[in-house]
1. For the range 313-321, does any single residue satisfy the condition of being surrounded by 15 or more Cβ atoms within 10 Å (Cβ to Cβ) and free of Cβ contacts under 8 Å to residues at least 40 places away in the same chain?
2. Looking at (1) surrounded by fewer than 22 Cβ atoms within 10 Å (Cβ to Cβ); (2) at negative phi, which is the only condition residue 201 fails?
3. Quick check on this structure: which one of 295, 322, 376, 327 is farther than 24 Å from residue 106 by Cα and in contact with a strand residue (DSSP E or B) (Cβ under 7 Å, 6 or more places away or on another chain)?
4. Can you give me the number of residues within the range 175-229 that are part of a strand (DSSP E or B) and more than 14 Å from residue 45 (Cβ to Cβ)?
5. Where in the range 39-142 are the helices (runs of 4 or more DSSP H), entirely inside, with at least 3 residues that are in contact (Cβ under 8 Å) with a residue 24 or more places away in the chain, within 10 Å of the ligand (Cβ to nearest atom) and crowded, with 17+ Cβ neighbours inside 10 Å?
6. Going by what's in this entry, would residue 270 be described as surrounded by 16 or more Cβ atoms within 10 Å (Cβ to Cβ), touching a strand residue (DSSP E or B) at 6+ places or on another chain (Cβ under 9 Å), within 30 Å of residue 130 (Cα to Cα) and not assigned by TED's automatic domain parsing to the domain that holds residue 13?
7. Taking the options 374, 333, name whichever one is in a helix (DSSP H, G or I) and surrounded by fewer than 17 Cβ atoms within 10 Å (Cβ to Cβ).
8. Go through the range 300-329 and count every residue that is within 9 Å of the ligand (Cβ to nearest atom) and either part of a helix (DSSP H, G or I) or touching a helix residue (DSSP H, G or I) at 6+ places or on another chain (Cβ under 8 Å) (or both).
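The values are calculated or read from the model by the stated rules, or taken from the named source; none is laboratory data. Small disclaimer: the values here were computed from a predicted structure and weren't measured. Positions of Cβ are backbone-derived with ideal geometry, glycine not excepted, and every protein chain shown enters the neighbour counts.
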Ligand SMILES: Cc1cc2nc3c(=O)[nH]c(=O)nc-3n(C[C@H](O)[C@H](O)[C@H](O)COP(=O)(O)OP(=O)(O)OC[C@H]3O[C@@H](n4cnc5c(N)ncnc54)[C@H](O)[C@@H]3O)c2cc1C
């Protein structure tokens, strides 16, 4: 039975493990975090195409059971004018729309499935070196342990060690100039937003929210900020974020200021990076998957879904082709055009979010967007994003 070492227990890692296990591989999963920490984070949009991959794994219904169905995005100006409604899924098929879930829930659904399949997970296993010998590859971990297999699949995210081993000259992620700061709230009297997320192009920044049936608000803001280091972001207390965000969004339409007055629990703050073009995706018996080779900014809500598609595609290639190098080349051929197009699209959306940097730009955007979005709910031009299906 061929053996795969999978590095990273985020989204791509568990999904790749499940698909390969199903294809008859002996799979082991290694994650650098300690077990409880793996459940951190806020929430994310799992798009229709990602849900289709989860469906193939038999996990869609469980994930959706604790999600906010969100086939529509409603866009608002900073003056409270509705700019339009955009489908968050294939146009005209709201039943196949995307869903917003807590990140911890997505991780749990995937992890439970990995455990149920009997795939071993090693926590606190930080990859810090890779060695190849004829017919084998060895992962070396920071604690001195190691593991060997026929292939090593790097699902180790945007800071990937695997990407750098494949090509020491590989590009580093590019900072987009914005942060994502968000959390949860409960606002007395605020009604649920079934089937919708609301997106507000505020005068001094972008703000998104949804209200679940039980009343919990999921919210995020995208302040512009020069690049800083990650630990500095983590050290900012919640009260300081709230002071800053309340000042920036005080003029936004209701309920934005009310949401910021009723925040509960943790506030997460992340610099937004992307990775548009990585020249080499594989080397010998080693290949990289998901954010490790093509991180997209969250503006299109597609990063996790692309990682899921990668997982299904790579497993299919390894099932069809015994030689790893040939399978990896085929995986890259199938995936590169799509993922690079989505990263570029998400960058474009990000520039629109930042477009309100002057009064003139804001006024132009508020006039132009309703024209562009007039027929958006029937516009099928983005269907290629959502209706994509991994080739069998
Ligand atoms: C603020 C924010 C909001 C986002 N919102 C969305 C959204 O709404 N929709 C969406 O689809 N995407 C969103 N994304 C992007 C999405 O999170 C990623 O695209 C997705 O998680 C990629 O999955 P992955 O498995 O490739 O990487 P990750 O989920 O990052 O998983 C990588 C895993 O590898 C582990 N790891 C790292 N290095 C090592 C190592 N050396 N050894 C062992 N393990 C290691 C990490 O601990 C991690 O568990 C968002 C991202 C951010 C930052």
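1. Within the range 313-321, one or more residues are surrounded by 15 or more Cβ atoms within 10 Å (Cβ to Cβ) and free of Cβ contacts under 8 Å to residues at least 40 places away in the same chain.
2. (1)
3. Details: 295 fails: farther than 24 Å from residue 106 by Cα; 322 fails: in contact with a strand residue (DSSP E or B) (Cβ under 7 Å, 6 or more places away or on another chain); 327 fails: in contact with a strand residue (DSSP E or B) (Cβ under 7 Å, 6 or more places away or on another chain).
Just a single option satisfies the conditions, and that option is 376.
4. 22
5. 103-116
6. Working: surrounded by 16 or more Cβ atoms within 10 Å (Cβ to Cβ): yes; touching a strand residue (DSSP E or B) at 6+ places or on another chain (Cβ under 9 Å): yes; within 30 Å of residue 130 (Cα to Cα): yes; not assigned by TED's automatic domain parsing to the domain that holds residue 13: yes.
In short, yes.
7. Sole residue among the options that is in a helix (DSSP H, G or I) and surrounded by fewer than 17 Cβ atoms within 10 Å (Cβ to Cβ): 333.
8. Here the count works out to 10.
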